Amino acid sequence: DMLTYYMNLTYSNKVHERWEKEYRLTEAFRVPDASPASMHSVMERIASDKCYLQKYYEFNSVNYDLTECNADCRIDHVCAVREVDFEAYEKCVVKEGGSSTAPVLFTLLLSLMLSLLCLN
């Protein structure tokens, strides 16, 4: 099993250090253990079930961001969990129907090059 704890730094800096349990994997995602098979099951549920996705999203942000994880959010998170290699992640995003980050990276690179040219 896996337990996740967090510390509210604002509270800890003002009052005293206090670690709080955020969730227990087996309880939160209803799996028997933290085995690779169980983790794969959790990933598939996150990918296909909006309730599991939202639960994961809230845990992932330590309940800081409680907005709804929409379709683009789903694609970003599911692909990030499935693929650790950036190129594989990009392919996953495109396959899932999201937009590739390549145009954004190209725009940033172009902006950087133009700003460097202006400095000279």
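Structural remarks
- Cβ-Cβ distances below 7 Å connect the following pairs, each with a first residue in segment 28-44 that is under 11 Å from residue 1 (Cα atoms), a second residue that is exposed (fewer than 13 other Cβ atoms within 10 Å of the Cβ) and at pLDDT 95 or above, and a separation of six or more residues or different chains: 38/32.
- Among residues of segment 51-74, those that are of a type outside the set (Phe, Trp, Tyr), surrounded by fewer than 17 Cβ atoms within 10 Å (Cβ to Cβ), in a helix (DSSP H, G or I) and in contact (Cβ under 8 Å) with a residue 12 or more places away in the chain, counted: 4
- Selection count where residues are outside any loop (DSSP other than H, G, I, E, B), modelled with pLDDT under 90 and surrounded by 15 or more Cβ atoms within 10 Å (Cβ to Cβ), scope segment 75-107: 0
- Selection count, segment 1-26, where residues are among the acidic types (Asp, Glu) and under 20 Å from the mean Cα position of the chain (by Cα): 1
- Remark: pairs (first residue in segment 1-17, of a type in the set (D, E, K, R); second residue at pLDDT 90 or above; Cβ separation under 7 Å; 6+ apart in sequence or on different chains) = 1/24; 1/25; 1/26; 1/33; 1/34; 17/7.
The values are calculated or read from the model by the stated rules, or taken from the named source; none is laboratory data. What you see is a predicted model; the values in this text were computed from it and never measured. Heads up, the Cβs are rebuilt from the backbone with ideal geometry, glycines too, and the neighbour counts pull from every protein chain shown.
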